[in-house]
Structures are given as structure tokens and as C-alpha cells.
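Note sheet for the following structure.
The values are calculated or read from the model by the stated rules, or taken from the named source; none is laboratory data. Predicted model only: the values in this text are computed from it and were never measured. So basically every Cβ, Gly included, is an ideal-geometry build from the backbone, and we count neighbours across all protein chains shown. Surface accessibility is based on the protein's heavy atoms, side chains included, excluding ligands, DNA and RNA. Shrake-Rupley method; radii C 1.70, N 1.55, O 1.52, S 1.80 Å.
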Amino acid sequence: MIPEDVKIIFRLIKSNPVSLAGLIIVAGFIIVGIIAPFIVPYPEDAWGEVYHMERRFQPPSWEHPFGTDAMGRDVFSRVILGARFSLIIAVGVVGLALIIGIPVGLVAGYVGGKLGTALMRITDMFLAFPPLLLAIALAATLGRGLVNTIIALAISWWPWYARLVYVQVNSIKSLPYVDAARIIGLHPLAIMFKHVLPNALTPVTVQAALDMGSAILEAAGLSFLGVGVKPPTPEWGLLVTEGWTSINIAWWISLFPGLAILITVLGFNLLADAVREAGDPRLRRILLVGRKI
Amino acid sequence: MNHSLLKGASKTVGVVVAIIIVLIVISVVVYLSQRQQVTTTPTTPSPSPSPTTTPSPSPTTKPAKKTMVIYASLSEMTSADPSTEFSNSILWMCLVYEPLVWYDPLEDKLIPGLAVKWESNENGTVWTFYLRKDAKFHDGTPVTAQAVKASIERTIALGQGAAFIWDPVERIEVVDNYTVRFYLKYPAALDKIAASSYGAWIFSPKVVEYAGAKNLTDPKVAEWFNSGNDAGSGPYRLVKWDPENEVILEKNPDWWGWKLKDYSLASPNAPDVFVIKIVKDAVTQERLVLSGDIHIAEYVPLEDVEALKNNPRVQVVIKPSFQNLLMLINTKKPPLDNVLVRRAIAHAIPYEDIVKVARAGLAKVASGPIPHGMWGHFEDFYYEYNLTLAKELLAKAGYPNGINRTLLLVYTAGDIYEKRTAEIIKASLAKIGIKVEIRPMSWEEQWSLAQSGWENPEAAQDLFIFYWWPTYITPFDYLYNMFHSESKLFNLCYYENPEFDKLIEEAVKLEAINRTKALELYYKAQKILYEDVPAIPLWDMEDVRVAVKGIGNLDKAINPAYPTVIFAQVLDVSGLQG
Amino acid sequence: MPISREYIIKRLILLVVVVFGVLIITFVITRVIPARPELLWAGAHPTPEQLEKARKELHLDEPIYVQLYYYLADFFRGNWGVSWRTRQPVLQDILSALPATLELVIVAFIIAIALGVPLGAIAALKRNTWIDHVIRIVSVLGASVPVFWLALILQLVLSSWLGILPGAKRVDELVVYETGFKPITGFILFDSLIEGNFEVFVNALHHIILPAIVLSFYPFGLSARMTRAVMTEVLSELYTRSALAWGLPRRLVIYKYALKNTLAPVIASLGLSFGYTIIGAFMVELIFVWPGIGLYAAMALLSYDYPAIMGCVIVVAIIYTVINMIVDVVHAIIDPRVKL
């Protein structure tokens, strides 16, 4: 994509209140994720280092907007700090998947031939697993933990990016300017990195940024199934799971972290929706002309 | 868009239907292939014409109004072989099979089972059991001394599960049809052993015939059991065996116990059908018992128990259980090899808080490794929660500013009680300058890490949160397994103390013949543990069962010696509507 | 229909290749990645002998390609290992759990499509009005909501607080027992209907609603979004506009031309969301005590029952592959532009 497309995306987002809401949510999530440790009202509660006998299972109040849990800890603080871990997971998964996926797609697309076919066949095999299933298998093998969760998710994730890069590279490499570079006698590696890759990169990174929502959602699913991050890490999925046993008397322990996941992922997905619409040439035309059916 | 598309569209509906049909066909095939395996007794391809395999009133023919009690179990059933089963199937085996004697640990009293009376010689090495003459297995064959001998010998020969309880037995003699005698290698309380919750079931020797096996130890016999057949003599028989979802038991009208006037393990209004339904989550169990969809819940969220007590629709029964939670300390790894450090830790744990938070108050703070309510328990072994004292002890040990290393505490992942306990311990030890990392692990990981501690204590965990419950009711079970130097499997404190070992070895031999002396030795042994602190007993669990109001006698149907079991034959369901 | 035998054969060959791929990847995960695979297979409290036995059974002392051969051979022989938890052969466990899950997933899809297609169509017709925005948010919500959280909350509200729907189980034992219901295929709804056992049918239907609604969220959102996208496209197509210009009644145009075109994307969304839905079933079944493969897998995960976990992974991956193949073929039948 070229900057003009980005402009179109922003125009579309601005014109549509729903997409705008998505943008605001995502921005808010990223900001909270970064500054979380500095703004939590009860840092010790958030990290799970203390317990309070005197205020267990308190319903939401001004002092504890999301109530308190079985150990008397402030749920609000834990949810806020949870944003930090969700951000780490999201960036980690998508980043690692890009690191694996881009080279595979690039090589497969640019070099082509038998190597390319082989690489893409391997990619396809990974894609034969439903989302999350491969991550479950890997997480069960690697064991619980933040890093293992990221690795497991990234390994089930990279094939999508490999495919995307592959398609992009394939369409770019036959463009006249690449041919020109080849005729001039530039080194294939130089062509690959200087001319093909940058142009193939934009759609992949945009896609990856928008996929962060799904990464958060899937990490939460892994936590619920007992193969995600370890307690007492305040990851949102884990917080929901922790509240399960006392849901009949203290619904707030599970409700709020779940809402946090829902809202954050919704934000990413609304943005993704907007971008998808912008990417559709026909819709873009409608948008540019400003006509409605 | 292409116009041929429109033509294709109408076909699409057909295609969707086709997919569904394909799925159904697949599942029919699947079903047919599984049919031989998941067994409801009537369809079992059993070679025998035994009554076990014909369900009395076939449900298909007659929808009779029967009384049914549904008991929700948290864990699925395991095996169905009475000789080797050593896990959750206790839940129904106690109703389908019978031992020679039952044990009521709260009264410390034995109750006749298949044996009406029993006696031993003076030094407890020869035991004679006299069987009741009207007991019959579900296949109609009488329960005889030969059957008892064959059953126990099979258990011993297979050597799995709880077979070790029979270790003292040298040989079994059939004196006559209804008298059986055990000769022991060393003195032991064989009456208590015979009342064990595992490995002590008596079954019909005809299983060899039914299974088409050569002899009792032929794997075919186990196969026959595990495909959902029973060969017991108890008040109920197994009619449906779907271990992951439900197990259905039907009343055995011929059971001898129904005919006795005042047998404490029988009720005239026992349910006709007893269903064990696997419901793997406490929250759901609570919901189901409140809506009346199940009658008895094995577990409900403990926080909800107070509210349930005041709910007019249900009753709550709380009983002691012999399961307790301990924190095993790695006594070979510095600085925990220093007894003063261990004592400091023992005094820095807020026991009352743990019981309140982790178990919602439904446990007793432990006093020694032998739980409350069991013989051999003494009230002298509480540690006082006293941070000043703990700090003093730590200073005396040479750590006035706390320990410079982070201790590793491991617990079983997924266990919310252990998790909360671990978090409180971490928070409390921080107050005396001991940093703790808590790590949830799968039981396998946890246990193999702990196993490595015997060879290399440095590499193993520091603290290990650990449940124990006995196979049969004796203090020896706890003291030997967790603290004897030869018990490499479960002595995960790596504790070695010859004096302690000797005390409990002597005590166990005196159990049957001189209880007072045995108690005295057990007291001494526990005193040593109290001083040495190889482990810190945290709490003794209390069991909570919640049932709908109409279920009578629930209290009597629960016996801590047979954990998780509801003795359905004792229940009174006359108050149950619908 | 323009679908050739070669096409089908090509797809079948591809299917076989993909299944092998799935097996090789699971082989790598289970045998190559772990430092000591036998520890994962020997079960709790392994003795040295058991570990040795596990090493032998897994052929761990042989070269890797020999291990792979045995792995594949065991797979095709149906020898998938024994679950530690249930002590039953894994394959048998999985097969007996499958109908319950398929029934749940099918009902969830029916709900999803019955709601998703009309709402998507409405959104496209009322593009950029508030109705469109609401429907769009709701459909995006379907892909954003953590399914286990939704299950917990709906269970709490609808079952515990309001008492409208049963919160767990598949059917009441008492009804089954009293009516003498015997399942034939394992699909309780289907079986009770053909047996004419309406008591069980109604009871089972009552029980399936809540978990099916939870599971339908994702496919609902997807089918609504795809319908909306396709409808928008179709409505903007020239011929539609000309049809409008020619004065055909608007409603007729919509039904005749537009709505029929949505069938292709609906089929595609079925395929796309199947994988997600069946993983969602892992969590939903755990919460609703639904005795399917999801519950089995979730319990296996929570108790680290390794053979069972890997069995479920393979089965689910294969079902997913097969469904996707069927969807592709159907798609090709409907839409001749799709060619492989």
C-alpha cells in the first residue's frame, strides 16, 4: 500500500463513527498497556504479591471499581496491569510470526522454483490446522508460561504472513521496475531487499497490526484451557478463569477482565473491518466518489 | 456475477443438506464402531448367561416409576477391575462390591461386611473371618471362603493398585465354606486392612468362566471387568458403564443387607437407581443441585457454602475428611537444611488466614501430619503464627536480614486451593525476608522434579505443596510414606531420621495387639517431626456435600474412610418428590 | 454442473497430502521438540521400568525416520495410545465423544446462518445507517468475544439468575431412563425424533440452546459480514442497477438476484469458521459439561493427558481439513469461477 491508501483508510475511519471508535479503543489500549505499571491504584494487588483478609469478595465500589477477588485484591488494578501483558503477548506473537513468515514468503516468492514450492507446501501444512489448535498442541508440549505462549501462538501464526508476502512478492517481481533492476545487473539479494521487500511489506504489517486483537483473544483461550501463561501473571484470560469458581457470589471477578478482552479485540477488529473495506477497490471507488446506493 | 450462479443457488440448499447427511452417516459409522466398546450392560457381548448381563426390568419395555438419585462426581470413573482399581471408581465399587468388614473411623469401630465376626491370635499373626451364609454374588453364586481366598489372591498376584495392603499376608487358608484364615508374616491389624477402601473387594470366582479366561490373573478377566461388568455381591449392580459421562447402578433386590432388621448400612427406602454423573466443575454442580437436576453434589464452590446453608431447597453436610495438605520442605538444600530456618518458616505462616481464604473456612488448621478425627491425631502440634519469633529464629540461624536466595515453591496447576495457599505463603514469608517464587506445575512435572531431589537436592524444589490421604486408616500410612527414609516415592522432604523410622516401624506392629503402646510411639514420632519440621502440615480438609432436601440420611451415607463415596443403600428417598 | 472428475481427484490427493502434513507436524511436536518424549507418554509416577517401556514403545532409540515410520503405522492401525485419565484407548474415547460435538456444532451453525444471513442482508440494504452500524458492531463482536467468558456470563445470567435455560448437561437422565431412550447414532436430537420420543427431543433441545447460542457467535458474525459484503457488491453491480432502472420492483430484485448470491459466501463462512468453532467447543463443552470431544480435549489439557491431547489435535485437524475440502468442492459447484 502507498500512503494514499493510508489516507483513504483514515478518511474512511473518520467518516464512519464505528471505525473511529475502533481506532480510539486501540489507541487507548496501547497507551494503557505502556503506562499500566505506573497508573495502577494498588500495585501490590496487581502483581499478586499480597492478600487482604478484610476485603475479600467486595462488589464494585468507588474504591474498587471492579470489586475485589478471593484474595481481597483489587480487580481493577489487575485488569489494568493485564493490559500490559496482553500488549506484550500481542506484539510478541505478531512480531515473532512476522520474523518467521516474511523471510519464508520472500524466499518462496522471489526465488520460486522447487525451493519456493517446498516452502509453500510446508506453509500449507501448517495452515491445515484450525487456528489455535496447533498452538494448543505446542503449548501442551512446551509447558505453561508467557514466553512459551508467545512461541506457540507465533508458530501457528506465521504461515498466514508467509502466504501474504508470497502473494505480494509474486505480483511485484514481474513489475517493470524489478525487471529493470535485474537487467541493470543488481545483485538478486539487493533486488530482493531493496526493491521487492519494502513494497511487499506494507500490507503484511498492516494485517499484522490488526491481528493483534486475535492474538490477545487466542492467548486468553490458551490460559483458560490451562496451557497459557502461568498464575499469578495477571493475564486477562487467566483472570476470567480465576473468577470462575466464585462466579456465583462474585461475578465481577470474571466479568471485567472478560470485558477488557472483548473491548480491546473489538477495537482491533473494527479497525480491521474498516481497512478491509478500504482495500476493496469497488468500495473504495464508491467512497472516493462519495456515492451511496 | 454470473447468471449460471442463480441456477446453482437452488442446488446449494441441497448441498447443505447433503453435508449434514454426510455428517450423520459418518457419525452412524462412528457410533456402530464404538457400540461394542462403550458398554451398557445389556449390549455387552458377554459369553456368560449370568444375571449380571440381563438388566432386571429392561428400560425399553417398562417406564416404571422408580426412585432415582443422581450424584454428581467431579472426576470421571477410572477402571472397573476390583483388584487393581486405585482411584475414582471407589465411588461405585463401594456399592457394588463388599469387603469382609467396613470401618467407621470417626467411631473407630468396625462394621460387619461379608464377615459376621472375626478374631485374631494373641500376637496378631493369625486372623480368622467367619462369613455370613446368605450372601450371594450378583450372578447367584454364594459368597464362600473359596471366593474370598481367590479374590484376595488375585489382587496380590496382580500386584497393582493397593495390592501392597496385603503385604503382611503369608498365606490364606479355607477352613470350611464359610471360614477363612489368614497367616501373616508379621503382626498387623488385618481387620482394618480388610476394610481398606481399595484392593479389598470380594468378587465371584466365576469371572474366569465369563471372561473365557484361563485363570483369574489372565488379562481377559480385567478386560471383562473393564468392559463394564460386575461380579460383586453388594446392594447395587452396575447396569451402565460410561466412565466419562455416567455410571448407572440398580438396586440388587437379593442383597442380604435389605433383609436385616437393624443393619447400619441399609435403609428400607434406598433409591432404586443410583446414577453417578460426571460434572467436572463445582460451579455447575451447584447450579444443577439448586435446580434439582442432580440430587447430590460432590463439590460446590466453597465460598458459596454459607449461602447454601440458608437455602431452603438444599441441605449441606460437612464431615471431616482424612485428606490433608502439607508443605514439604527440602531438608537437604541450604538454607533449609538448617532446622532453625525451617522452624522460622513454620512460625511465619498464617494458618488461620489460609484456611479462611483457600478453603473458605472449610478445613481445620492441622496439628501434625495425622488429620483431625483419625486415631493417632494429637492436639499438641500446632505452630504458632508469630512473626517476631520467626524473625528471631531466622536471626539465630544466621540470617538476620532474610535469605538472599529466592525459594521455589511448587504446586499442582489447576488446584485452586493449592494456588491460594501458595500465594498466601509467598506473601507471608516476604514479611520475614524470605522471597518465594510460586510455580504451578503438572503433577507429573512436579513429581519428577521432586524425585530428582534424592540424587541432587540442589536441583529440586525448595517447598512442595502436597496432599495426602490414606489407603487404609492408620497413622503409619501418613508417617511412613512421607517421612520414612526408605519411602523414596513420597518422602519428598528427603528426610532421614533412623530414630523416627524405628519408632513407626515398631508402632505399626503393635497396632493390632497393643493400641495404647502403638499410640505412644506414634506420639513420639510426631513429636520428632514437630521439632525437626521436615514438613509443615497446613490444613485438614473438611468434605462438603450439598443435596436436595428430600434426601434423607445423607450424613450416615458419608464415611471419611471411603472418600467421595455416597453409600446409597443408607439413603432414605421417601421424601423425594417427582 | 461444471465440476470435473479430475477436480475431485485432485482435491482428494491434496487431502491425503495435507493429512500426511498434519501427521508430520504432530510427530515433530510430540517426538522431536520434547527433550524426553517418554516422560510425556509414561503417565503419572513413572517407574524406571515404565519409562523404559515407553521408550521402547515409541522406538526412541531408533533413528528419527524409523520413529516416523512407526508413528504413521500406529496411526493407521488405530493404535493412538491410551489416555492416562480414562485408561481407555484414545481413539475409542474420541470416537464415542464425536457425535455430541457434531450435534452441538451443527445446531450452532443453523442458528448462526438463520440469523447472520438476514441481518447481513439488511445491513447491506441500509448501508451506513444506524441499523448497519449496529449490525456491523454485533457481527464484529462475534469474532471479538472470548467464547469461554461469554459462556460463563450467559450461563450465570440465563441459567443461574433468570432460570430460563438449563445451565449444563445434554439431557436429563431421568427422562432418558423413564422413557427408555436408547440412542442409535449418538445424535440425541436426531435419534429421539426418529424414535418418536418427543419428551427426550424437547428436553435435549432445551439443553442444547444455550451452548449452541454461545458457539454460534463467531459463525454468526462471519456469515453476517460476508453476506453484507457480497450483498453490497451485488447491489452495486451494474445489472442490478439497471434492473432497478428498468423499474422492476426493488424487493424482487433483492430476492431474486442478490440474496441467492449470498449462498456462496455462506458456504465459505461455514468452512472458515468451522475450525474456530470446534476450538470454541473445547471451552464451551467444558463449561456446559457437554460430553463431546471438546470436553474430552479440555479435560485432557487440564490434566496433561498427553496421548489424549495429541489424539484430539489430530482428529480435529483432519475433520477440519475434510470439511474445508467439502466446502471448496461445494463452492466450486456453486461458483464456476472458482477453479483450482
- Item | Rel. contact order, % - alpha carbon contacts under 8 angstrom, at least six apart, chain A | 25 percent
- Heavy atoms of B:H372: accessible area, 1.4 Å probe, square angstrom to 10: 30 Å²
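Looking at the calculated P(r) for the range B:172-242, what percent of the C-alpha pair distances fall above 14 Å? Mind showing how you got there, number by number?
Numbers: 1785 of 2485 pairs.
Tail of P(r) above 14 Å: 72 percent of Cα pairs.
Just reorder B:Y183, B:Y382 by solvent-accessible area, largest first, 1.4 Å probe, all chains present.
Details: B:Y183 50, B:Y382 85 Å².
The ranking, largest first, comes out as B:Y382, B:Y183.
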- Among B:P334, A:I88, A:L23, whose Cα lies farthest out toward the positive end of the dipole of the protein assembly as shown, if unit charges sit on the beta carbon of Lys, Arg (+1) and Asp, Glu (-1)? A:L23
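Taking both sides together, what accessible area is buried at the C/A interface, probe 1.4 Å, expressed in Å² and rounded to the nearest 100?
On the way: alone 18450 and 15200 Å², together 28800 Å².
Accessible area lost upon association: around 4800 Å².
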- Query: Counting only complete DSSP H runs, which helices of chain A cover 30 Å or more along their long axis at the Cα atoms and score a mean Kyte-Doolittle of 1.6 or above?
  - Reply: A:17-39, A:75-111
- Task: Summarise the partner chain shielding of A:243-254 as one whole number: the mean count of Cβ atoms from other chains within 10 Å of each residue's Cβ.
- Result: 6
- Message: What does the net charge come to around C:V17 if you take all other residues with beta carbon closer than 9 Å to its beta carbon, with K and R at +1 and D and E at -1?
- Response: 0
- Task: Over both sides of the B-A contact, add up the buried accessible area with a 1.4 Å probe and give it to the nearest 100 Å².
- Result: 2000 Å²
- Which of the residues in the range C:1-35 show a loss of at least 50 Å² in accessible area from their chain by itself to the complete set of protein chains, at a probe of 1.4 Å? C:I25, C:I29
- About its Cα centre, how strong a charge dipole does the range C:91-294 have in debye, to the nearest 20, once Lys and Arg get +1 and Asp and Glu get -1 at the Cβ? 1240 debye
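Run the helix sum for chain B: -39,500 (n - 2.57) per DSSP H stretch of 4+ residues, divided by residue count, reported at 222 nm to the nearest 500 deg cm²/dmol.
Helix-only estimate at 222 nm: -9500 deg cm²/dmol.
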- Query: Which angle from 0 to 90°, rounded to the nearest 10, does the C-alpha axis of helix C:293-302 make with the longest principal axis of chain C?
  - Reply: 50 degrees
- How long is the gain from B:N215 to B:E458 if the chain were fully straight, where each residue apart is worth 0.36 nm and the alpha carbon distance is subtracted? 82.6 nm
- Which percent of the accessible heavy-atom area of the protein assembly as shown goes to carbon and sulfur, probe 1.4 angstrom? 62 percent
- Go ahead and estimate [θ] at 222 nm for chain A from helices alone: -39,500 (n - 2.57) per DSSP H run with n ≥ 4, summed, over the residue count, rounded to 500. -24500 deg cm²/dmol
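What's the magnitude of the charge dipole for chain C around its Cα centre, counting Lys and Arg as +1 and Asp and Glu as -1 at the beta-carbon? Answer in Debye, nearest 20. Intermediate results must be reported in sequence, preceding the final value.
Numbers: 26 positive and 23 negative charges, 299 e Å.
Here the size comes out at about 1440 debye.
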- Query: Based on DSSP H assignment, which helices of chain B show an axial Cα extent of at least 15 Å together with a mean Kyte-Doolittle hydropathy greater than or equal to 1.6?
  - Reply: B:4-35
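I'd like the FRET efficiency for C:V175 and C:K126, computed as 1/(1 + (r/R0)^6) with the beta carbon distance as r and R0 of 56 Å, rounded to 0.05.
Working: r = 45 Å, r/R0 = 0.80.
Plugging the Cβ-Cβ distance into 1/(1 + (r/R0)^6) gives 0.80.
With a 1.4 Å probe and all protein chains kept in place, how do B:Y385, B:Y480 rank by accessible area, largest first?
B:Y385, B:Y480
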- Query: Using Cα atoms only, what is the angle between the long axis of helix C:263-288 and the major principal axis of chain C, expressed in degrees (0 to 90) to the nearest 10?
  - Reply: 50 degrees
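Quickly estimate the mean residue ellipticity at 222 nm for chain C, helices only: each DSSP H run with n ≥ 4 gives -39500 (n - 2.57), and the total goes over all residues, rounded to 500. Can you show the working numbers first?
Details: 15 runs with 240 residues, N = 340.
Helix-only estimate at 222 nm: -23500 deg cm²/dmol.
Order the following by accessible area, largest value first: C:L40, A:L222. Probe radius 1.4 Å; ligands, DNA and RNA are ignored. Intermediate values should be presented prior to the final figure.
Details: C:L40 40, A:L222 0 Å².
Listed by decreasing accessible area, they come as C:L40, A:L222.
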- Message: I need the phi-derived Karplus couplings for the range C:117-126: 6.51 cos²θ - 1.76 cosθ + 1.60, θ = phi - 60°, integer Hz, Gly and Pro marked x.
- Response: 5, x, 5, x, 5, 4, 4, 5, 5, 9
- Note on the structure: Residues whose modelled amide H sits under 5 Å from the amide H of A:G228, counting only those 5 or more places away in sequence or on another chain, are A:S223
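If you average the sequence gap of Cα pairs under 8 Å that are 6 or more apart and divide by the length of the range C:91-294, what percent do you get for the contact order?
37 percent
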- Query: Taking accessible area as the heavy-atom solvent-accessible surface of the protein chains with a 1.4 Å probe, which residues of the range A:29-53 lose no less than 10 Å² upon going from the isolated chain to the full protein assembly?
  - Reply: A:G48, A:E49, A:Y51, A:M53
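Mind checking the per residue accessible area of the range C:91-294 for me, 1.4 Å probe, whole number of Å²? The partial results should precede the final answer.
Working: 6920 Å² over 204 residues.
Heavy-atom accessible area per residue stands at 34 Å².
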- Give the long-range amide H neighbours of B:E437: residues separated by 5 or more places, or on another chain, with amide H under 5 Å away, using H modelled in the peptide plane at 1.01 Å from N. B:L407, B:L408, B:L409
- Please give the helix C:130-144 orientation as an angle from the longest Cα principal axis of chain C, in degrees from 0 to 90, rounded to the nearest 10. 10 degrees
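Assign unit charges at the C-beta atoms only (+1 for Lys and Arg, -1 for Asp and Glu), then state the dipole size of the protein assembly as shown relative to its Cα centre in Debye, rounded to the nearest 20. Write down the numbers at each step before the final one.
On the way: 105 positive and 108 negative charges, 1050 e Å.
That gives the protein assembly as shown a dipole magnitude of about 5040 debye.
Based on the Cβ-Cβ distance of C:N79 and B:K527, what FRET efficiency does E = 1/(1 + (r/R0)^6) give at R0 = 41 Å, to the nearest 0.05? If you can, show how the numbers build up before the last one.
Values: r = 54 Å, r/R0 = 1.33.
The computed FRET efficiency comes out at 0.15.
Between chains B and C, what is the buried accessible area in Å², counting both sides, with a 1.4 Å probe and ligands, DNA and RNA left out, to the nearest 100?
By this definition, chains B and C bury close to 5500 Å².
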